[in-house]
Structure formats: C-alpha cells, structure tokens
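*Asks:* Got a structure for you, written out below as structure tokens; questions coming shortly.
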C-alpha cells in the first residue's frame, strides 16, 4: 500500500486555503476586519465588537478555522524538521487538525460552563472574546510565518524559538489587555477568577509539559 505524503504541493494547498479564508472574512466584514488588523496596540476592536458578540459568529468562526490550519501546519513543520522526516503521512496532519480543533472547542465550552457555575458570565464572556481575538490574530500571523518556513527559511531551533517567543508575546499582550480592561470585575470576583485560571489556563499547560517531557 502506497504511503500518502505531505509535499510542497500539500503545503501550498493549505496556505492557499488559509489565505482564502482570510479573504472571505475581509470581503464579508470589511470594516470589522480592518479594526481586527489593528488589534495589537489598539483597543478599538475589543471595545466596539465585544458588545456585539454572540455565542457563534461567522467572523470568529472562519478565523478560528484558519487558526487551526495554520497552527497545525506550523507544528507539522516543526515535527518534520526535528524528526528529520522528509515525508509525513497526511493522516497524521488530519489527526493534528482534529486534535487541536477539538481541544480548543472543549476548552472554550468548559470555560463558559465554569463562568455559569461561578456566576461570572459577564467576566468570562468578555475574557473569552479577547482571548479568542488574540488567538485568531496569532493564526493570521502564522500565515506569512508558515510561508517563510516552507519556501525560504529553514525551521532551525533558533528560528523556531524566535517565532514561539513572538507568538507568546502577542498572547501576553492579550492577557495584560484583559486584566487592564476588567480591573473592577476582576477585583470583585478575584477568588473565582484565580480558580478559573488554575483550572483551565495553568494546569493544561503543566499537563502538556509533563507529557512532552515523558
């Protein structure tokens, strides 16, 4: 039985898919997308659209699809480089997409459930909107990064560490922005918010770290 492989053609298809998703969002929500591009260093997008958020929006949904594809492709490039594998089974990539997408969705649903249990729905909804916005922004940033790693740069350890540091910095900006925008709510619900952070923000990364180490 022939083994299905991921070649540059597959990479190109995935990159084109991501760019197409971004183009769809831009055409359907031109004004909102323009605000979204200015997310870093400008709170206009968060202030305007956090009040309009719904449980599911096409804008966030399409950007979320790009996030899953771009993140999976980035991890695939890292794994392929570190294992010195020239060809990677396409089934592995599909499992990667399902795993990352499923983990993100389950985590969001659990966060909303905890928000209801602790009766801090307003705080959690706003926090989730900002966190999802910054993660979708990371998905957008990953498109040119993946293009460079595929066609120009070699994904060496130094390059990978620099990219991860940039992505973590963007995520840190999102956390700081959330804390700054919700100081009063955080103070009034500090105990529950700390429980939430320990349960769904800190512990999953500790578990993932231990799994990777083993």
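To keep it simple, each residue is scored yes or no on (1) under 13 Å from residue 140 (Cβ atoms); (2) touching a strand residue (DSSP E or B) at 6+ places or on another chain (Cβ under 8 Å); (3) crowded, with 19+ Cβ neighbours inside 10 Å; (4) modelled with pLDDT under 90.
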| residue | (1), (2), (3), (4) |
| --- | --- |
| 40 | yes, no, no, yes |
| 45 | yes, no, yes, yes |
| 63 | yes, no, yes, no |
| 82 | no, no, no, yes |
| 90 | no, yes, no, yes |
| 93 | no, no, yes, yes |
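*Asks:* Now for a separate question. Suppose the filter is outside any helix (DSSP H, G or I), surrounded by 12 or more Cβ atoms within 10 Å (Cβ to Cβ), modelled with pLDDT of 85 or more and within 19 Å of the chain's Cα centre (by Cα); does residue 21 pass it?
*Replies:* The answer is no for residue 21.
*Asks:* A further question on this structure: Find the residue count for the range 111-127, including only residues that are assigned to a helix (DSSP H, G or I) and out of contact with any helix residue (DSSP H, G or I) (no Cβ under 6 Å at 6 or more places or on another chain).
*Replies:* Final tally of qualifying residues: 7.
*Asks:* Out of the range 164-191, which residues are in contact (Cβ under 8 Å) with a residue 60 or more places away in the chain and not in a loop (DSSP other than H, G, I, E, B)?
*Replies:* Across the range 164-191, the qualifying residues are 170, 173, 177, 181, 185, 186.
*Asks:* Keeping to the range 116-135, report how many residues are free of Cβ contacts under 8 Å to residues at least 12 places away in the same chain and surrounded by 15 or more Cβ atoms within 10 Å (Cβ to Cβ).
*Replies:* Number of matching residues: 0.
The values are calculated or read from the model by the stated rules, or taken from the named source; none is laboratory data. All of these numbers come straight from a predicted model, not from anything done at the bench. Please note: Cβ atoms are built from the backbone with ideal geometry, for glycine as well, and neighbour counts cover all protein chains shown.
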